[in-house]
Amino acid sequence: MQGGIFLMIEICRWNELFENNRSREIRHPMFCLIPNRHDGESYGRLMMLKDAPEIFSAWILMVQVASRSQVRGTLLRDDRTPHDAESLSIKTRGRKEWFEKAIPVLEKLRWIAIKSGIPQEGAVEVRQRCDVMAAEGKGREGDILGEKDFDLIWKEYPCKDGRKEAFRHFLASVKTPADLVLIGKAIVNYRTSRRVQDGFIKNGSTWFNNWRDWIEPPIDSTPKKKAFAP
């Protein structure tokens, strides 16, 4: 968090490619899922590069780090500040120059996205609440998040219609601190999407029933970069 701006590297299509129903239930994973196909065009383009071995090594290390992040699929340190090439090198023992080469290439291939210039009002509050829950021993199976947690998220949603049903959907789908962070991330993606900027905002009851669709926003909903220049 820098001057109200949140910067981080995010693995693209994380939930689709690197998670399944079983892996999402594991709070502290000791492994991660890695796609094993080698016929994609972007993979072929990567392997044609002179520095392909170093870049691909950095990629695998980045995926492994993202799999253990408090917000899966993102490259955040334990204190929730963003990783960079140097910190990734220290954490993984990979060479710093591997990551320096890899980051721009992987962004161009759309394997990662560098989130910059997006306001994250409320993100700190959500994470502080998660810290409190962890200290209280909450977040295990059978624990229930309540209206206090919902209000923390609801105040960030751009439309205040449909609160009652939205709360019902929240209780049914947000069970752990990790879920609380994810729905906060989903709201930020939705609020900053082109659809919302154009004035097309879903009723709260509708969005909260499908909020996981916005953990990684649809490609056609991504806001134009010029709107978020650092």
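The values are calculated or read from the model by the stated rules, or taken from the named source; none is laboratory data. On a predicted model such as this, the values are computed, not experimentally measured, just so you know. Because the Cβ atoms are built from the backbone with ideal geometry, glycine has one as well, and the counts that use them run over all protein chains shown.
Of note:
- Within region 177-194, the residues that satisfy the criterion of being closer than 15 Å to Lys148 by Cα and either surrounded by fewer than 19 Cβ atoms within 10 Å (Cβ to Cβ) or of a type in the set (A, V, I, L, M, F, W, C) (or both) are Leu180, Val181, Ile183.
Rundown of residues vs (1) within 20 Å of the chain's Cα centre (by Cα); (2) in contact (Cβ under 8 Å) with a residue 60 or more places away in the chain; (3) at negative phi, yes/no style:
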site: Met8; (1), (2), (3): yes, yes, yes
site: Leu17; (1), (2), (3): yes, no, yes
site: Arg22; (1), (2), (3): yes, no, yes
site: Ile34; (1), (2), (3): yes, no, yes
site: Asp39; (1), (2), (3): no, no, yes
site: Leu76; (1), (2), (3): yes, yes, yes
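- Glu121 being in a loop (DSSP other than H, G, I, E, B), at pLDDT below 90 and surrounded by fewer than 17 Cβ atoms within 10 Å (Cβ to Cβ): yes
- Number of the exception - Ala66 against (1) within 21 Å of Lys91 (Cβ to Cβ); (2) exposed (fewer than 14 other Cβ atoms within 10 Å of the Cβ): (2)
Here's the yes/no breakdown for (1) hydroxyl-bearing (Ser, Thr, Tyr); (2) within 30 Å of Ile26 (Cβ to Cβ); (3) at pLDDT 90 or above; (4) assigned by TED's automatic domain parsing to the domain that holds Ser69:
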{"position": "Gly146", "(1), (2), (3), (4)": "no, yes, no, no"}
{"position": "Pro158", "(1), (2), (3), (4)": "no, no, no, no"}
{"position": "Arg163", "(1), (2), (3), (4)": "no, no, yes, no"}
{"position": "Ala166", "(1), (2), (3), (4)": "no, yes, yes, no"}
{"position": "Val174", "(1), (2), (3), (4)": "no, yes, no, no"}
{"position": "Leu180", "(1), (2), (3), (4)": "no, yes, no, no"}
{"position": "Ile187", "(1), (2), (3), (4)": "no, yes, no, no"}
{"position": "Ile201", "(1), (2), (3), (4)": "no, no, yes, no"}
{"position": "Trp211", "(1), (2), (3), (4)": "no, yes, yes, no"}
